[in-house]
Amino acid sequence: MVYAVGGAVGLAVIGATASALITPERIDAFFGAFGSHAPPTETATSDAVAYKTVVSNDKAITVDIPAEWGANLSKWDWTMDPGSAVRTGVDTTGVIDFAQDTAYLGASAAAAEAEGAPAMTAAERRDWLRSYVELDWTIEGCVREPDPVWERAGWTIEATRWKDCATYPGQRYFAFAATDEHGDVLVLAQMSLTDGTPDEIAVRYAESFVVDVDKLPAPSSGDFIVP
């Protein structure tokens, strides 16, 4: 059985490939190349992990990943709003299972605007973010662990942590949702780490991502008819 992780696939019943509610036009807009724009750098917290910084072709998303990981542009399919996303890990070519080190990071300014995040109170934003990560992964055999408490200046982050998904001992699954101090963007991430892979990779992921809101896809203004 294949256990998918990432985007709307992560929200669907796992064990089968889930179809996202996006149009062919959106698929064309979301898929493309994703490249590394910085050499690997040694982490400040461990001599065992070297990192590189990858930047999407549209320059909307930047994030640090282990030097041996690959990266590909993915699709934002958590909501019908436009956005950008990347999939990273040891294998980014197909459906991902819990037996691999892999991660997904997506961002949408349109989704934050549609939900009225800029006008929310701090408590309302936390509840809103929580709704994206408070999912029941026991369906995949995951065991709930205490939530990570990740603090980052200028951001509100809500995160969850599970372990031993799909009966893989030592496996850990992280999910987090974040918004900036103005509520201008929604960031969603998922990560699966196998036994022996350090948790610090998840922490680095949450601490290093950068989103350029101005480069994210703008809200759709409707269908266009080309004569």
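The values are calculated or read from the model by the stated rules, or taken from the named source; none is laboratory data. Every value quoted in this text rests on a predicted model; they were computed, and no experiment measured them. As a convention, Cβ positions derive from the backbone with ideal geometry for all residues, glycine included, and neighbour counts pool all protein chains shown.
Observations
- For the criterion of being at pLDDT below 95 and charged (D, E, K, R), Glu145 fails.
- Tabulated pairs, the stretch 110-126, first in contact (Cβ under 8 Å) with a residue 12 or more places away in the chain, second of a type in the set (D, E, K, R) and assigned to a loop (DSSP other than H, G, I, E, B), C-beta under 7 angstrom, 6+ apart or interchain: Ala110/Asp81; Ala111/Asp81; Ala112/Asp184; Ala114/Asp81; Pro118/Asp184
- The listed residue being touching a residue at least 60 places away in the same chain (Cβ under 8 Å), in a strand (DSSP E or B) and surrounded by 22 or more Cβ atoms within 10 Å (Cβ to Cβ), out of Ala71, Ala107: Ala107
- Residues satisfying the criterion are present in the stretch 82-92 (criterion: on the phi > 0 side of the Ramachandran plot, buried (at least 22 other Cβ atoms within 10 Å of the Cβ) and assigned to a strand (DSSP E or B)).
- Flag for Lys163 being touching a Gly at 6+ places or on another chain (Cβ under 9 Å), at pLDDT 95 or above and of a type in the set (Lys, Arg): yes
- From Thr160, Thr156, Thr167, residue being among the polar types (S, T, N, Q), touching a Pro at 6+ places or on another chain (Cβ under 9 Å) and touching a residue at least 12 places away in the same chain (Cβ under 8 Å): Thr160
- The sole residue among Phe98, Phe31 that is at pLDDT below 55, under 17 Å from the mean Cα position of the chain (by Cα) and not β-branched (Val, Ile, Thr) is Phe31.
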